[in-house]
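Only the coordinates and a few stated rules stand behind these numbers; no lab work does. This is a predicted model, so every value here is computed, not measured. Glycine also receives a Cβ, built like all others from the backbone with ideal geometry; neighbour counts cover every protein chain displayed.
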Amino acid sequence: MSVLLFGVSHRSAPVEVLERLAVSDHDRPKLVDQLLSSRSISEAMVVSTCNRVEIYAVVDAFHPALEAVGEVLGDHSGMTVNDMTRYAYVRYSEAAVEHLFTVAAGLDSLVVGEQQILGQIRNAYLSADANDSAGRVLHELAQQALRVGKRVHTETGIDRAGASVVSVALRRAKALLTDPATGAHRLRRAVVVGAGAMGGLATAHLARDGVTEMYVVNRTVDNARHLADNIAANHGIAVHGVGLDDLPSAMADADVVVSCTGAVGNVVTVGAVHSALAERTRKNDSSPLVICDLGLPRNVDPAAARLPGVHVVDIEGLRGDSATQAAENDTLAARSIVAAELADYLTHQRQAEVTPTVAALRQRAADVVEAEILRLETRLPDLESSQRDEIAKTVRRVVDKLLHAPTVRVKQLASTPNGDHYAEALRELFELKPGAAESVSAPDRFTTDAAEQQGDR
């Protein structure tokens with residue numbers, strides 16, 4: 001069984017394609033069930049963020065599994081396989097594992113080094129676990145990926161600036177709100193649309209940037225009020241939690257709007273923005289309004305950017321921003337950690353794969369010993385019990401000593417390139433049929449270390 005990755009990201013596809021392929025939390029279990037209906041796929045996990053959609057599947061055959069993934073994503077997005085493959089990347093086996101570790105380290109993010117991706121991988125893994133679509137391979141893979149990410153952020157300074165998509169977008173917004181003559185920026189009042197993890201990150205950034213009044217807008221008003229109360233208590237500023245119906249009036253007094261929901265369709269409509277502008281005109285307020293659209297699919301009607309005095313900052317516009325790049329030395333250190341962790345993971349997996357063969361060999365030897373002892377008892381029925389026991393112990397010791405060197409050596413050789421050939425030779429020589437499920441212990445469940453990481457959506 002090997003890992004297959006099919007993905008699209010900000011590096012390979014425009015936002016329009018990412019929007020069509022985006023998988024909401026609500027749709028994720030359905031998509032996974034469809035994947036598992038393929039006979040070639042035994043485990044599946046879907047990572048969907050504001051700048052990537054990736055499917056990790058444990059498969060027994062590459063081409064049938066790839067076709068199954070393409071069909072499921074095609075049905076979900078309404079795109080043809082040819083349309084998707086123009087923008088997609090496919091990784092298999094070791095390359096798929098390396099990619100996930102690289103993503104977890106923040107090295108493949110729009111903002112290099114951002115930590116939110118760890119929370120997103122964690123959420124994808126917990127969803128797969130809850131849906132019983134994560135077996136031994138994905139349990140071990142996802143948990144190690146989370147450990148890789150945590151180690152990178154602990155041992156390097158890749159995130160020392162605290163950069164995230166939110167912080168980079170707000171930095172761009174602040175520049176748009178800066179008076180070129182005085183250098184002072186107008187960022188006092190803000191609206192955050194969405195009360196999820198990314199909404200919480202946005203409110204915290206805005207509070208630290210000196211915003212004095214804020215509205216949290218959400219479809220579920222109780223969630224908006226809960227986040228508003230937390231920010232108000234922690235930062236000592238005025239924060240109001242309201243529903244979507246209050247969005248136009250909230251925007252009328254705002255300098256910046258940050259929208260970061262996972263909703264399908266426009267949340268910030270051109271009509272709502274137009275109403276806010278009309279109210280600003282009535283108040284004789286001609287200041288610009290900056291809207292940061294960080295949702296996937298996009299939350300803001302593209303037509304809003306054509307309204308006078310409105311600036312829209314979106315994910316597409318953040319590509320290539322210098323603030324998204326981590327320092328070179330920290331990036332190199334992070335890549336070294338990924339390489340070392342990948343080598344350890346592959347060594348462990350290769351050794352784990354040979355374990356059933358070793359167990360089968362020892363079982364075969366034990367069966368032979370028991371059969372010969374039984375034959376001895378038949379031939380020498382008058383043998384004393386103590387003598388019979390001593391003979392049995394002696395025979396078992398001889399067999400154990402004979403098997404010790406080859407079983408240790410085959411495990412060592414398994415960690416080398418093409419090491420599976422040695423286990424295959426062992427199976428052929430001794431006519432073994434190892435049962436992996438009985439021979440490999442179950443993996444540890446999700447650890448509290450991994451659970452410490454929080455998501456941004």
*Which residue, chosen from Ser415, Val399, Thr281, occupies the Cα position most advanced towards the positive end of the dipole of the chain, where the dipole is computed from +1 (Lys, Arg) and -1 (Asp, Glu) charges on Cβ about the Cα centre?*
Thr281
*When a/c is below 1.5 the answer is rounded, else prolate if a/b is larger than b/c, else oblate, so apply that to segment 165-319 with a ≥ b ≥ c taken from the square roots of the Cα gyration tensor eigenvalues.*
rounded
*Given the peptides 110-116, 169-175, 403-409, 253-259, arrange them by the average over their residues of other C-beta atoms within 10 Å, most packed first.*
253-259, 110-116, 169-175, 403-409
_Quick check for you: which residues of segment 222-260 have the amide N under 17 Å from the point 7 Å beyond the Cα of Asp25 toward its beta carbon?_
222-228, 260
*asked:* Quick query: amide H of His185 versus all other amide H atoms, modeled in the peptide plane; which residues come in under 5 Å with a sequence gap of 5 or more or a different chain?
replied: Asp179
*Set the Förster radius R0 to 35 Å, insert the Cβ-Cβ distance between Ala95 and Arg319 as r into 1/(1 + (r/R0)^6), and round the FRET efficiency to 0.05.*
0.90
*asked:* Could you tell me the center-to-center distance, by alpha carbons, between segment 268-319 and segment 91-133 in angstrom?
replied: 32 Å
*Towards the positive end of the charge dipole of the chain, with charges on Cβ (+1 Lys, Arg; -1 Asp, Glu), say which of Ala263, Gln34, Val239 has the farthest Cα.*
Val239
*Mind listing the long-range amide H neighbours of Tyr215? Cut-off is under 5 Å, sequence gap 5 or more, other chains count too, H placed in the peptide plane at 1.01 Å from N.*
Ala190, Val191, Val192, His240
*With label points built 7 Å along Cα→Cβ from the Cα atoms of Val369 and Arg335, find their separation and express it in nm.*
5.1 nm
*asked:* Can you compute 3J(HN,Hα) from phi for each residue in segment 247-264, using the Karplus curve 6.51 cos²θ - 1.76 cosθ + 1.60 with θ = phi - 60°, rounded to whole Hz and x for Gly and Pro?
replied: 4, x, 5, 5, 5, 4, 10, 8, 8, 9, 10, 10, 10, 8, 10, x, 5, 8
*Would you mind estimating how fast the chain diffuses translationally, via Stokes-Einstein at 20 °C and 1.002 mPa s with the Kirkwood radius over Cα pairs, in µm²/s?*
85 µm²/s
*Dipole size in debye (nearest 20) for segment 165-319 around its Cα centre, Lys and Arg Cβ +1, Asp and Glu Cβ -1?*
320 debye
_Quick one: 3J(HN,Hα) in Hz for segment 189-199, Karplus 6.51/-1.76/1.60 with θ = phi - 60°, rounded, Gly and Pro as x._
10, 9, 10, 10, 9, x, 10, x, 4, 5, x
*asked:* Is there a quick way to get the dipole size of the chain? I mean about its Cα centre, with the Cβ of Lys and Arg at +1 and of Asp and Glu at -1; what is the value in debye to the nearest 20?
replied: 700 debye
_Multiplying the sequence separation of Thr416 and Arg396 by 0.36 nm and subtracting their Cα-Cα distance, what value in nm do you get?_
4.1 nm
*Pop the C-beta distance of Ala425 and Arg188 into the FRET formula with R0 = 60 Å and round what comes out to the nearest 0.05.*
0.25
*Relative to the longest principal axis of the C-alpha atoms of the chain, give the angle of the C-alpha long axis of helix 221-235, reported between 0 and 90° and rounded to the nearest 10°.*
80 degrees
*With each pseudo-label sitting 7 Å past Cα toward Cβ, what's the Ser287-Lys433 distance in nm, one decimal?*
7.7 nm
*Read phi for every residue in segment 105-120 and hand back ³J(HN,Hα) as whole Hz from Karplus 6.51 cos²θ - 1.76 cosθ + 1.60, θ = phi - 60°, with x for Gly and Pro.*
6, x, 7, 10, 6, 4, 9, 4, x, 5, 8, 4, 4, 4, x, 5
_Two-site label geometry, Ala278 and Thr80: point separation in nm, points 7 Å out along Cα→Cβ_ = 4.4 nm
_Count, lysine Cα pairs under 28 Å in the chain, 8 or more residues apart or across chains_ = 7
